[in-house]
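Participant: Next up is a structure, given as structure tokens.
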Amino acid sequence: MIDRKLEIAFWNYDRTKLLADGTVKIDGVDATFHSGRIVTEIFEAMIRQRAYDVSELGMTYFLRTMDVEDPPFLAIPVFLVRSFRHGAIYINKARGISRPEDLAGRRIGELALYGHDAGVMPKGILSDDYGVKPEQSRWIIGGIDFPMEPVDFVPHPVPSGVEVEWTDKDVDLGWMLENGEIDALISADVPKCILARSPKVGRLFENYEMVECDYYRRTGIFPIMHTVVVTRGLATEKPHLVKAIYNGFLEAKQQMADQYVKGMTFNNMTVMLPWLTKLIGDNRDVLGDDWWPYGIKANRLAIDAVLRYHYEQGLTKRRFSIEEVFVSSLLET
């Protein structure tokens, strides 16, 4: 029986495909699914307009909404985007940067926000593992490769002692990196100069896959970038539907993961990626059979890391707890 019609938004992912195409149903919900040209359009519609009942949000976008008097959302432990981010630190090769400690005193670009989702984790790791603090560098915030509208729908906190400059929307931080106007860049998106293999630029950790695997083995953290939020009204009034929503996302992800694993028998011939079967096997060797876990228990270390770094980097006024930001009925997942 349908209990409620819901508007649900997320970008186009393999782990949500089976929800969007109707293969996986959410019990009791007549769902209309939405997406966007880029994922931040979804974030903006949810934060500015409350356009959806359920929506993907970047962790930093969500946590910035928690710093108001009456926070509008709670999260469910569904993590649509997660990524190791040692490989998201790019350098100009002529600037004498060969190790993390060399970033101190440098002018570093960052995509979109001071503290965008792919910036929070690298800064935290640089601080924890190498003693390089954000306040030791100068930060310039902007877009890469294409004009980008300012992210003006969330607060822009900057802690005292940190020098931050915002560029015009037509400034290309990738071009600035290649031409030596900035020394380094932290970005969720890979700049064109890296994809084009410009000899002027590279990654701080050229063997980033090995470094990231070692990081996971040491810490147990598979970094989280995006979660899914529900309105507080829905969480309060219809907790059984929120559980059904969580279960729907979980089932869609699990069925897709099962398809990849079953496809190993036939060398994943439906996908035009050589060595994909080996990659799936390698991922499972490092991360376990459930290599993209949802729920609180499997992700407590990763969630705690985001919450701690967000506070330490001055992006929230206090350090939030898991119990404060996630729907209470899903804390045992």
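The values are calculated or read from the model by the stated rules, or taken from the named source; none is laboratory data. None of these values were measured; they are calculated from a predicted model. Please note: Cβ atoms are built from the backbone with ideal geometry, for glycine as well, and neighbour counts cover all protein chains shown.
Participant: Could you figure out which of (1) touching a Gly at 6+ places or on another chain (Cβ under 6 Å); (2) surrounded by fewer than 18 Cβ atoms within 10 Å (Cβ to Cβ); (3) not aromatic (Phe, Trp, Tyr) isn't true of Asp21?
Facilitator: Status for Asp21: all satisfied but (1).
Per-residue answers, yes or no, for (1) in contact with a helix residue (DSSP H, G or I) (Cβ under 8 Å, 6 or more places away or on another chain); (2) closer than 27 Å to Gly314 by Cβ; (3) buried (at least 19 other Cβ atoms within 10 Å of the Cβ):
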{"site": "Asp27", "(1), (2), (3)": "yes, no, no"}
{"site": "Phe33", "(1), (2), (3)": "yes, no, no"}
{"site": "Ile38", "(1), (2), (3)": "no, yes, no"}
{"site": "Ala51", "(1), (2), (3)": "yes, no, no"}
{"site": "Ser55", "(1), (2), (3)": "yes, yes, yes"}
{"site": "Thr60", "(1), (2), (3)": "yes, yes, yes"}
{"site": "Leu63", "(1), (2), (3)": "yes, yes, yes"}
{"site": "Asp67", "(1), (2), (3)": "no, yes, no"}
{"site": "Val81", "(1), (2), (3)": "yes, yes, yes"}
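Participant: Are there any pairs with C-beta distances below 7 angstrom linking a residue in the range 89-106 that is closer than 11 Å to Leu126 by Cβ to a residue that is hydroxyl-bearing (Ser, Thr, Tyr) and modelled with pLDDT of 95 or more, with the two at least 6 apart or on different chains, and if so which?
Facilitator: Listed pairs, sorted by first residue: Pro100/Tyr130; Glu101/Tyr130; Leu103/Ser137; Ala104/Ser137.
Participant: Residues of the range 235-293 being more than 27 Å from Lys25 (Cα to Cα), more than 22 Å from the chain's Cα centre (by Cα) and aliphatic (A, V, I, L, M), which ones?
Facilitator: Met269, Met272, Leu273, Leu276
Participant: Here's another thing I want to ask about it. Regarding the range 124-136, can at least one residue be identified that is of a type outside the set (Gly, Ala, Ser) and in a strand (DSSP E or B)?
Facilitator: no
Participant: Please specify each residue of the range 193-231 satisfying the condition of being touching a residue at least 12 places away in the same chain (Cβ under 8 Å), surrounded by fewer than 16 Cβ atoms within 10 Å (Cβ to Cβ) and either under 12 Å from Tyr90 (Cα atoms) or touching a Pro at 6+ places or on another chain (Cβ under 6 Å) (or both).
Facilitator: Lys200
Participant: Which one of these is part of a loop (DSSP other than H, G, I, E, B) and of a type in the set (Asp, Glu): Glu212, Glu165, Glu206?
Facilitator: None of the other options fit; the residue is Glu206.
Participant: Within the range 142-170, which residues are among the aromatic types (Phe, Trp, Tyr) and free of Cβ contacts under 8 Å to residues at least 40 places away in the same chain?
Facilitator: Hits for the range 142-170 are Phe146, Trp166.
Participant: Here is a follow-up. Of everything in the range 255-293 that's polar (S, T, N, Q) and assigned to a helix (DSSP H, G or I), which residue is nearest to Glu209 (Cα to Cα)?
Facilitator: Residue satisfying both the conditions and the ranking: Asn283.
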